[in-house]
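Read-outs throughout are calculated quantities, based only on the coordinates presented, and are distinct from any laboratory measurement. This is a predicted model, so every value here is computed, not measured. A quick note on method: Cβ atoms are made from the backbone with ideal geometry, for glycine too, and the neighbour counts reach across all protein chains shown.
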Amino acid sequence: MLNPKFTDTLFHPLQLKKEIALPAQFTFPFYYTPHELSVLAAKDLQNYLENEANFNHNFGLKPNAEGLVIGKMFGVMVVKDEADNLGYLAAFSGKLAESNQHKGFVPTVYDTLNPEGFYKIGEQELNDINRAIEVLENSEAYHAAKNNLEACLKTYDAELKALKQTIKEKKTARNKLRESEVNNLSVEAYQNLLEELKKQSIYYHFRLKDLKNDWKLKIEEAQSHFDKIESTLNALKEKRRVQSSALQKQLHQQYSFLNYKGESKDLLDIFKNTTVRIPPAGAGECAAPKLFQYAYQQNFKPIAMAEFWWGASPKSEVRKHKQFYPSCRSKCEPILGHMMQGLNVENNPILEVKKHEKPLEILYEDNYLLLVNKPHEFLSVPGKTQLDSVQTKMQQYLPNNKPVLVHRLDMSTSGILLVAKNEKTHKNLQKQFINRTVKKRYVAVLDGELKTKKGIIDLPLRVDLDNRPQQLVCYEHGKPAKTKFEVVAVENGTTRIHFYPITGRTHQLRVHAAHSNGLNMPIVGDDLYGTKANRLYLHAEQLEFEHPVTKKQLKIVCKAPF
């Protein structure tokens, strides 16, 4: 263990066995490979969590442990103190064991769990209002008034419909009588009949009027009784809305974050120019903002940072015990964007322009279509900041055509891409993809030895709103996603596998491989759901479809380069 007295201080000295060069720039938190110093700090913290931590929190790592299983993101920041000593700070995301305060971990920016703080007091007031609303909504008087009003309206509607039907039938009968008796009765007798029929018409007219007036009074009385109770209920709900809004605003103002230049901004200022404008729930409670805030408050110099998952994998996201992950985007990106101002931070590698100078390998070509071998880490279509792509290269290759990609591959995935040379061909091929008559085979290498030889993975997917473009498993809102798989070989701690996607969701194969309810083994080199390597070991190896003109089956194979 590097630091035997973890809880004695918030600055944990790093006891190095060898000289390690400091990084030239601070870690870009949303896409990084942990620096060696961050790895050492993380191992020290993990050793403490594994052997000495005594807080009552069920991470899902110990059998028969009590309480709800909740894995947790932890963060370490390597810093230098004012005396130039090297050490690290530790933090956890959210609360831990129902507390924001634990020895050895930097404090939260604002402690929402402080029983004497305005937030807990305000929360209690809101809970009291909620209980008052609940009591009123469940009261006998409220339900009796509501049921009485509904019964009045229902009975009035039924009686009105019945009377109108009777009036209609009587009117029809009177009309028939007028027609049938006009030639059967004397003039005087017929006039007497008409007078009698007129009286009947007037009678039903007033009967309808009386019915409406009588029920109007009954309904108004029932409505008035119900409105008195409802107005009290609405007043409580409006009070709750106003107090909740004021409490949230006051809370957001308490979360005031420093940056390297010593400037301070609260959550409202930080998020006002973002697309969401209103800070999302839990903003400022992640590990990274806590680490930055404490480092700046103590005049420590940030050197490097890393965050790792500790505990059982959650049901939706792909999270592996002890594995490093980037900071979340929806909550942390705006906050850290402010907090890192003035700090020398690594460039965003995602924005780096990746070019492929060599001509793309053409696997097959005729007058109607072609198939190309897409390199890994190369876009299928132009991105927001990067124009170079398979599509732009095809436009350069076929200047007299209007080539269109029939499907796409993830930037990190290599392999076969189908390109149509004209709109008619594109529509035909696209229809084959929609009807799922196109047969696709991918080859991948998994990080682990899979015992199951073949099967089908069925896990619905949707985008992770907190961490685009990552996907997560969601049975409520996710789109159906199915993958057939077949193991090719198992050796040296890895598994070579064939994937046959039945559907074509974003990151489908990557999530189905890595998720705990899938194969529970990420693809080697998966920088989003596994561990970064020299490349993502996923390749679109085979594509079989019907040629739109010749109607012959085309089967194109492009062997994986790994």
Counting only backbone N atoms under 12 Å from a point 7 Å out along Cα-to-Cβ of Ala24, the residues of the range 330-361 in range are 346-347
A correct Stokes-Einstein calculation for the chain, using the alpha-carbon Kirkwood radius, 10 °C and 1.306 mPa s, returns a whole-number D in µm² s⁻¹ of 53 µm²/s
If you wrap a convex hull around the C-alpha atoms of the range 135-251 and split its volume per residue, what is the figure in Å³?
117 Å³
Asp8 versus Asn51, label points 7 Å from Cα toward the beta carbon: distance in nm?
1.6 nm
Computed over the Cα atoms of the range 353-557, what is the ratio Rg over Rh, Rh following Kirkwood?
0.97
Using the 10 angstrom Cβ neighbour count as an exposure proxy, how do Ile167, Ile350, Ile335, Ile457 rank, fewest first?
Ile350, Ile167, Ile457, Ile335
Lys555 to Ser245: extension gain in nm, 0.36 nm per residue of separation minus the Cα-Cα distance?
105.5 nm
For Lys355, which lysines qualify as cross-link partners when the Cα separation must be under 21 Å and same-chain residues fewer than eight apart are set aside?
Lys374, Lys384, Lys393, Lys532
DSSP loop (so not H, G, I, E, B), at most 13 other Cβ within 10 Å: list which trypsin sites (Lys or Arg not before Pro) in the range 1-83 pass both filters.
Lys5, Lys17, Lys18
Want the number for Val276 to Asn147: 0.36 nm per residue separation, take away the alpha-carbon distance, what's left?
42.3 nm
Ratio Rg/Rh, restricted to the range 1-70 and using Cα atoms, in which Rh is the Kirkwood radius
1.05
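Which whole number of Å³ per residue matches the convex hull of the alpha-carbon atoms in the range 219-272?
Spelled out: Cα convex hull of the range 219-272, divided by residues, is 60 Å³.
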In a solvent-free Debye calculation with one equal scatterer on each Cα, what is log10 I(q)/I(0) for the range 6-165 at q = 0.11, 0.13, 0.18 Å⁻¹, listed in the order of the q values?
-0.67, -0.82, -1.19
Using 0.36 nm per residue, how much length does the chain from Leu61 to Gln298 gain when fully extended, once their Cα-Cα distance is taken away?
81.9 nm
Could you check the spin-label model distance between Glu423 and Gln396? Points 7 Å from the Cα along Cα→Cβ, value in nm.
2.7 nm
Taking a crude spin-label model, label points 7 Å out from Cα along the C-beta direction, the Leu343 to Ser99 distance in nm is 2.7 nm
Based on DSSP H runs of at least 4 residues, each adding -39500 (n - 2.57), what is the mean residue ellipticity at 222 nm of the chain after dividing by all its residues, to the nearest 500 deg cm²/dmol?
-12500 deg cm²/dmol
